[in-house]
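Asks: Quick one: the structure is below, questions incoming.
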Amino acid sequence: MNEVCILDGGMSRELLRLGAELKQPEWSALALINSPDIVRKVHDEFVAAGSDVITTNSYALVPFHIGEDRFWEEGAALIARSGKLARDAADACRDRKVLVAGSLPPVFGSYEPQNFDPLRVQKYLAVLVQNLAPYVDVWLGETLSLIAEGDAVREAVAQTGKPFWISFTLADDAVQTSGAPPKLRSGELVEQAASWAAQSGTQALLFNCSKPEVMRAAVGAAAQIFKDYASPLKIGVYANAFEGEQGDAAANQGLHETRSDLDDDIYSRFACSWAEAGATIVGGCCGIGAGHIHRLRRVLRG
């Protein structure tokens with residue numbers, strides 16, 4: 001098993017745990033506005049837990065969450081704040097190098113591939129990229145539901161000179177958890193996404209914000225495509241802990257419940273299976289906290 005790079009976990013539940021107010025539609029962006037000190041504390045806790053990479057809290061800094069007017073009036077300052085908070089936390093670590101990943105979310109909504117607008121996406125991504133660039137080591141296009149979203153991220157960061165990773169969210173309904181071929185939430189197969197990734201210039205293909213049960217098959221499918229292409233791309237996974245189906249609710253409506261059966265031990269067992277299948281970047285998404293990451297590092301790097 002190759003040495004695994006440890007990511008951080010989900011930001012929002014940790015913000016709630018530490019006392020930040022979160023409500024829809026702003027969600028985690030509200031903490032940047034009202035309690036940036038708690039955002040910094042979450043970063044610090046993930047670093048202390050053993051994360052090699054921490055991610056900027058910029059996921060909700062798009063009009064889908066904070067509104068069009070606020071995005072253009074306050075977005076640049078909030079995005080820069082999210083970058084600086086992560087950078088300061090990473091630089092405060094004295095015993096090892098911690099990288100900062102700049103989160104580039106799906107601009108038109110999580111799990112909403114039908115809303116993707118190729119004619120408008122770059123004007124929003126440009127604001128994120130410009131204001132995060134001074135603080136990040138690597139770009140992370142994450143929770144993307146279709147290949148075109150990944151290609152938009154590739155285009156947006158092309159002139160920055162920084163490496164980029166692409167992370168797709170997977171369909172995880174009962175059919176998929178029963179063993180159907182892994183696919184993105186758009187319906188595109190993981191094999192198609194991996195073929196695109198192998199030719200895109202990205203350094204890593206990841207899968208995130210889906211149930212742990214569907215991740216190993218996706219890793220295996222991607223690994224086979226990369227073998228066929230003789231591609232050196234890394235594969236990563238950071239699953240969520242959502243309870244039940246997510247397909248019938250918009251991403252900025254309500255609060256999804258998290259699973260009670262997915263403790264740090266169970267999650268680390270899933271992580272070991274991903275590493276065995278070929279993943280060399282592992283962390284957690286929604287509902288996966290600092291305790292899970294601490295356990296991951298002990299098991300995968302211990």
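Asks: With a 1.4 Å probe and every protein chain left in place, work out the accessible area per residue of region 136-210 in Å², rounded to a whole number.
Replies: 34
Asks: If you don't mind, another one. Using 0.36 nm times the number of residues separating Tyr229 and Ser260, minus their current alpha carbon distance, what extension gain do you get?
Replies: The span from Tyr229 to Ser260 would gain 7.1 nm if fully extended.
Asks: I need the fraction of alpha carbon pairs in region 88-139 separated by more than 17 Å, rounded to a whole percent.
Replies: When all Cα pairs of region 88-139 are counted, 49 percent exceed 17 Å.
Asks: Continuing with the same structure: With a cap of 15 neighbouring Cβ atoms within 10 Å, and only residues DSSP puts in a loop, list the trypsin sites (Lys or Arg not before Pro) found in region 41-109.
Replies: Arg94, Arg96, Lys97
Asks: Just to make sure I understand: if all protein chains stay in place, what is the order of Met11, Met215 by accessible area at 1.4 Å, largest first?
Replies: Met11, Met215
Asks: Keeping all protein chains in place and using 1.4 angstrom, which order do Ser35, Ser260 fall into by accessible surface area, from largest down?
Replies: Ranking Ser35, Ser260 by accessible area, largest first, yields Ser260, Ser35.
Asks: Next up: State the percentage of accessible surface on the chain attributable to carbon and sulfur atoms; use a 1.4 Å probe and exclude ligands, DNA and RNA.
Replies: 48
Asks: Across the Cα atoms of the chain, what radius of gyration and what greatest pairwise Cα-Cα distance (Dmax) are found, in Å?
Replies: Both quantities, over Cα of the chain: 17.4, 49 Å.
Asks: Quick check for you: with a 1.4 Å probe and neighbouring chains kept, what is the accessible area per residue of region 1-123, in Å²?
Replies: Dividing the accessible area of region 1-123 by its residue count gives 41 Å².
Asks: Assign unit charges at the C-beta atoms only (+1 for Lys and Arg, -1 for Asp and Glu), then state the dipole size of the chain relative to its Cα centre in Debye, rounded to the nearest 20.
Replies: 820
Asks: If exposed GluC sites (Glu not before Pro) are those in a DSSP loop with at most 12 other Cβ within 10 Å, what is the longest stretch of the chain that has none?
Replies: 4-244
Asks: What whole number of Å gives the distance from the Cα centroid of region 152-193 to the Cα centroid of region 1-73?
Replies: That distance is 21 Å.
Asks: Indicate, rounded to the nearest 5 percent, the antiparallel portion of the DSSP beta bridges found entirely in the chain.
Replies: Bridges in the chain that DSSP calls antiparallel: roughly 10 percent.
Asks: What are the extents of the Cα atoms of region 102-168 along their three principal axes, in Å, largest first?
Replies: 32, 21, 15
The values are calculated or read from the model by the stated rules, or taken from the named source; none is laboratory data. Treat the numbers as computed from the prediction; the structure is a model and nothing was measured. We place every Cβ from the backbone using ideal geometry, glycine too, and count neighbours over all the protein chains shown. Just the protein is used for accessible areas: all its heavy atoms, side chains included, with ligands, DNA and RNA removed. Shrake-Rupley method; radii C 1.70, N 1.55, O 1.52, S 1.80 Å.
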